[in-house]
1. Could you tell me the calculated FRET efficiency between residue 265 and residue 295, based on Cβ-Cβ distance and R0 = 25 angstrom, to the nearest 0.05?
2. Please give the residues of region 7-31, grouped as numeric ranges, whose backbone N is less than 20 Å from a label point set 7 Å along the Cα-to-Cβ vector of residue 234.
3. Quick one: length gained pulling residue 43 to residue 1 fully straight, 0.36 nm per residue minus the C-alpha distance?
4. If I build a Gaussian network model for the chain, linking alpha-carbon pairs within less than 10 angstrom, which residue out of 170, 74, 204 has the largest mean-square fluctuation?
5. If I model a spin label at residue 85 and residue 254 as a point 7 Å from the Cα along the Cα→Cβ vector, what separation in nanometres do I get?
6. For region 1-156, just say rounded, prolate or oblate: build the C-alpha gyration tensor, square-root its eigenvalues into a ≥ b ≥ c, call rounded for a/c under 1.5, and beyond that prolate if a/b exceeds b/c, oblate if not.
7. What FRET efficiency comes out for residue 23 versus residue 192 if R0 is 35 angstrom and r is the Cβ-Cβ distance? Round to the nearest 0.05.
8. I want the antiparallel fraction of DSSP beta bridges within the chain, as a percent rounded to 5.
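Every number in this text was worked out from the coordinates using simple rules, so none of it is lab data. If you're wondering where the values come from, they're calculated on a predicted model, not measured in any experiment. Quick reminder, even Gly has a Cβ in these numbers, built from the backbone with ideal geometry, and neighbours come from all protein chains shown.
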Ligand code: NAD
């Protein structure tokens, strides 16, 4: 046994990441609000804790993978939170995508309590989470980065130190703004091509050896049946929820406002994803923008 690791947040991403830590020899103590999420990890060999505080009592290395800033604040600072039973010397890795200012606030608190925290948001999606191929963008001290890398390496193939606390989130926000724009662009192009009579698989295979190629066209094509194993081929279930993408675009627009950076397409992407969320798409994978465009056209 390589030692006990705590894990809070066993959703689409966290469940895979936690499983990889078990596979690579760690014992795990986990918590999620969802009982079924906990039970599926229990079957994989994890111990279930009754709260984030209980996780903090039994481990000095903790990974969290939660939806957004309020969830992270609740899990760390709330009643029954990690900081209520924090052990000195604990290393915290928050891989949720949240507001960089909240990451900094949480890291300051960890330091006050004699621990260290890094922000370590990820890119790659559910398949990369399953196959331990994630990219981790890490914000924190040199020593915090070095310590966290030993754990993060077990769940990803790229672990990159971006700078001080909060900079992992900054990098992640930029990536996801670009991802949203490229997913919308891919969906528009695929939809147009199909309306012009092109076969979807054939069109994708052309894009993927041409200058329009991107991760959205190649690894996560939004048209059902073009690529196996991605959410579009599973009714847009699982994957990366549209509501979560909307959250990330909001973080990007806040950051753009604060730094007076023009992000015209980022702003449009935010509005499109907001309209989708108001029309029943919020729980579907963000590649469902293809389905949304189709729906508009036929109505
Ligand atoms: P998810 O909604 O599938 O999972 C979140 C989990 O957190 C759920 O199981 C939920 O029950 C749990 N949770 C919420 N509040 C909690 C609390 N107070 N205590 C304990 N557990 C709690 O989300 P996800 O898709 O796994 O994404 C997690 C984070 O990773 C998000 O910030 C997202 O933006 C980011 N992300 C997701 C993807 C992706 O492809 N899904 C890719 C990169 C980054």
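1. On the way: r = 22 Å, r/R0 = 0.88.
Computed FRET efficiency for residue 265 and residue 295: 0.70.
2. 9-23
3. Numbers: separation 42, 0.36 × 42 = 15.12 nm, distance 1.78 nm.
Residue separation times 0.36 nm, minus the Cα-Cα distance, leaves 13.3 nm.
4. Result for the chain, Cα springs under 10 Å: 74 fluctuates most.
5. Distance between the two pseudo-spin positions: 3.0 nm.
6. rounded
7. Values: r = 43 Å, r/R0 = 1.22.
FRET efficiency, residue 23 to residue 192: 0.25.
8. Numbers: 4 of 28 bridges.
Here the antiparallel bridges make up roughly 15 percent for the chain.
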